[in-house]
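Participant: For reference, the structure I am asking about is given below.
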Amino acid sequence: MAISRAWAAEGLRSFSNRPRPVPTRFWVISLASIFVLALLFVGHTSDSLPSIPGLNKEPEKAQPPPPTPESNDPPKGPAKNYDPEEFDLDENGLKMWEPPHMDALVHGVHASDGVKRKPTYPLDPFPQTPMTSPVQDNRPRPWLGAVICSAWDIKRRMLIRYTWMKMFKDVPMDQRFVISNPGPDWRAVIQQENATFGDMIVLDHLHEDDFTANTVKTVEFYRWLSDKSPVKYEFVSKMDTDLWVNARAYWDRQLLPRLDVVKSADGNTVTGYKANVNHTTIGQFYYDNYHRTAFPHGAIYTVTWDIVNLLPKLQDKHHIIAGEDVTMAWLLIKGHQKVTMAILTQEEKFEFDHKDTRPGERTPWARKGTDVTSSWHAMYGSEILAIHQLKKDDDWLMVAECFDERGIKEMPPYPEKEPEDKGEKPGYPRPFWTQIPNDFWETDVDGTLLCNGIWKLEPGVGRDMKKKPEGE
């Protein structure tokens, strides 16, 4: 049965005594703003909070971030084309890849320059930050959904908490936000936020700045999980703050088929889950021509626990400093570690293009003639798993109204007569994986396609990212 009101407004109704219904945007944004102001007030009036046993373990010995590269910095500029004659071959005749010799570019900053930045505040150990009223729930949760965010982005965390995280609370997923150490001025604010929600992981050995967030933060988050997490998850998803995830469908279609259910002796109770795959990544394939590297797009990808354990060890050995997703690929290349790449299609995960929405309507649904094979489009159909580029609160809340706890609602019909479209038209750019050079592709010993020496497509999946029908 369809829900008659916006889901988020229903979830927040207890905060209002108004007799008439109000828009979803009013309640979610109002609550977020009030909570932000309250936290800031606490931060300016309280020097410390009570010390009680914490969610985040006290670090035994904080691992330092990777050291500064050697003085002979690699050359600046785009990576050179690979020369087929330069490759050594392994015993199976496959290329032995190495990362390009270059000074990686991270959001316009060269890695050799970024590591020379000077900290603006001390990295004091972050106090334990427990929930004041923890929720007792012993259901097995083999999936960790972690939103990588800035410590200062409180408002967006509130939007996420009261939309998809609350909507899909019954999905067997632990939900967390991952921040770096924001410094002593913000300590009380973050403590109070985590005491309220208990869903934050603080990497207190990292400064909260753009360069750190876009280079080593994901690998250092994996290190925290490997060393300190009380739970060893079967799958870990890394997500951006401007990404909406249809967690219900993601669990049903992408994770549950890759898990074996563990039951009690009498067979009546699910006691756990065990991954039936290893060294696997689920994501959308991406190619960066500047760095001449293929990798999963960073808005969302999911890895098995063995990759969580592996990447920090490879980082300790190779000290890669590059964009976070390029870093993942270069570490795997350095370690000669193949990873199965389970593909999310452009219909399942895409960049939200407001220009592709229906003319004359306030809706995230796509216009007639949309192209869901493009990496940029509006919402279409029932296959949607993740929507990226929802940076504006209004866009985020429009999308939220198209979902309920069961997943995506039915797409509304097109109007009989569309209004005249005077706005800018969508361009429908091609996916970045279409730019992967031919010489990046090989056939592995088991017959599957291998890209960049590390990314193994699943059996039957071709270079068009589509799985061939059985028998072909």
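The values are calculated or read from the model by the stated rules, or taken from the named source; none is laboratory data. Because the structure is predicted, anything quoted here is derived from the model rather than measured. Quick reminder, even Gly has a Cβ in these numbers, built from the backbone with ideal geometry, and neighbours come from all protein chains shown. When the accessible area is computed, the model is the full protein with side chains, heavy atoms only, and any ligands, DNA or RNA have been set aside. Shrake-Rupley method; radii C 1.70, N 1.55, O 1.52, S 1.80 Å.
Participant: Would you confirm whether or not the range 184-192 contains a residue that is outside any helix (DSSP H, G or I) and small (Gly, Ala, Ser)? If you could, list the steps in order and put the result at the bottom.
Facilitator: We begin by selecting, within the range 184-192, every residue outside any helix (DSSP H, G or I); these are none.
Checked the range 184-192: no residue is outside any helix (DSSP H, G or I) and small (Gly, Ala, Ser).
Participant: How about the range 298-312: which of its residues are open to solvent by 10 Å² or more (accessible area, probe 1.4 Å) and under 19 Å from GLY453 (Cβ atoms)?
Facilitator: Once the filter is applied, which keeps residues that are open to solvent by 10 Å² or more (accessible area, probe 1.4 Å) and under 19 Å from GLY453 (Cβ atoms), the range 298-312 yields ASP306, LEU310.
The rows are residues; the columns are (1) within 19 Å of the chain's Cα centre (by Cα); (2) within 26 Å of CYS451 (Cα to Cα).
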| site | (1), (2) |
| --- | --- |
| TYR250 | yes, yes |
| PRO257 | no, yes |
| ASN268 | no, no |
| PHE285 | yes, yes |
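Participant: Now for a separate question. Would you be able to say whether some residue in the range 205-223 is surrounded by fewer than 19 Cβ atoms within 10 Å (Cβ to Cβ), at positive phi and in contact (Cβ under 8 Å) with a residue 60 or more places away in the chain?
Facilitator: There is no residue in the range 205-223 that is surrounded by fewer than 19 Cβ atoms within 10 Å (Cβ to Cβ), at positive phi and in contact (Cβ under 8 Å) with a residue 60 or more places away in the chain.
Participant: Of the conditions (1) open to solvent by less than 10 Å² (accessible area, probe 1.4 Å); (2) touching a Pro at 6+ places or on another chain (Cβ under 8 Å); (3) closer than 17 Å to PRO125 by Cα, PHE235 clears all except one; give me its number.
Facilitator: (3)
Participant: Give ARG367, ARG430 a once-over and let me know the one that is free of Cβ contacts under 8 Å to residues at least 60 places away in the same chain, among the basic types (Lys, Arg) and in contact with a helix residue (DSSP H, G or I) (Cβ under 7 Å, 6 or more places away or on another chain).
Facilitator: On the way: ARG430 fails: in contact with a helix residue (DSSP H, G or I) (Cβ under 7 Å, 6 or more places away or on another chain).
Residue meeting the stated conditions: ARG367.
Participant: So how many residues does the range 213-230 have that are in a helix (DSSP H, G or I) and either closer than 13 Å to CYS149 by Cβ or among the acidic types (Asp, Glu) (or both)?
Facilitator: 6
Table: residues versus (1) at pLDDT below 95; (2) assigned to a loop (DSSP other than H, G, I, E, B); (3) more than 25 Å from the chain's Cα centre (by Cα).
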| site | (1), (2), (3) |
| --- | --- |
| PRO78 | yes, yes, yes |
| GLU98 | no, yes, yes |
| LYS118 | yes, yes, yes |
| TYR121 | yes, yes, yes |
| SER133 | yes, yes, yes |
| PRO140 | yes, yes, no |
| ALA146 | no, no, no |
| MET158 | no, no, no |
| ARG161 | no, no, no |
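Participant: Mind checking which pairs have a first residue in the range 398-416 that is small (Gly, Ala, Ser) and a second that is part of a loop (DSSP other than H, G, I, E, B), Cβ under 9 Å, 6 or more apart or different chains?
Facilitator: These pairs meet every condition: ALA400/ALA6; GLY407/PHE168; GLY407/ASN246; GLY407/SER382; GLY407/ILE384.
Participant: Out of PRO172, PRO140, PRO122, PRO127, which single residue is touching a residue at least 12 places away in the same chain (Cβ under 8 Å) and farther than 25 Å from VAL202 by Cβ? Step through it out loud before you land on a result.
Facilitator: Details: PRO172 fails: farther than 25 Å from VAL202 by Cβ; PRO122 fails: farther than 25 Å from VAL202 by Cβ; PRO127 fails: farther than 25 Å from VAL202 by Cβ.
Just one listed residue meets the conditions, PRO140.
Participant: Please state which of the following conditions TRP152 fails to meet, knowing it meets all the rest: (1) over 16 Å from the mean Cα position of the chain (by Cα); (2) farther than 28 Å from LEU314 by Cα; (3) of a type outside the set (S, T, N, Q); (4) not in a loop (DSSP other than H, G, I, E, B).
Facilitator: Tallying (1) over 16 Å from the mean Cα position of the chain (by Cα); (2) farther than 28 Å from LEU314 by Cα; (3) of a type outside the set (S, T, N, Q); (4) not in a loop (DSSP other than H, G, I, E, B), TRP152 fails exactly one: (4).
Participant: While we're here: Could you list, in sequence order, all residues of the range 174-197 that are under 20 Å from the mean Cα position of the chain (by Cα) and open to solvent by less than 10 Å² (accessible area, probe 1.4 Å)?
Facilitator: Within the range 174-197, PHE177, VAL178, ILE179, SER180, ASN181 qualify.
Participant: On the basis of being touching a residue at least 60 places away in the same chain (Cβ under 8 Å), over 22 Å from LYS217 (Cβ atoms) and surrounded by 23 or more Cβ atoms within 10 Å (Cβ to Cβ), does TYR250 make the cut? Show your work before the answer.
Facilitator: On the way: touching a residue at least 60 places away in the same chain (Cβ under 8 Å): yes; over 22 Å from LYS217 (Cβ atoms): yes; surrounded by 23 or more Cβ atoms within 10 Å (Cβ to Cβ): yes.
Judged against the criteria, TYR250 is a match.
Participant: Those residues that are of a type outside the set (S, T, N, Q) and crowded, with 22+ Cβ neighbours inside 10 Å, I need them from the range 313-324; list them, please.
Facilitator: Residues of the range 313-324 of a type outside the set (S, T, N, Q): 313-314, 316-324.
The answer is ILE320, ILE321, ALA322, GLY323.
Participant: Counting only residues that are touching a residue at least 24 places away in the same chain (Cβ under 8 Å) and open to solvent by 70 Å² or more (accessible area, probe 1.4 Å), how many does the range 253-285 have?
Facilitator: 4
Participant: Also, quick follow-up: Counting only residues that are in contact with a strand residue (DSSP E or B) (Cβ under 6 Å, 6 or more places away or on another chain), in a loop (DSSP other than H, G, I, E, B) and of a type outside the set (Gly, Ala, Ser), how many does the range 317-338 have?
Facilitator: Looking only at that region, the number is 1.
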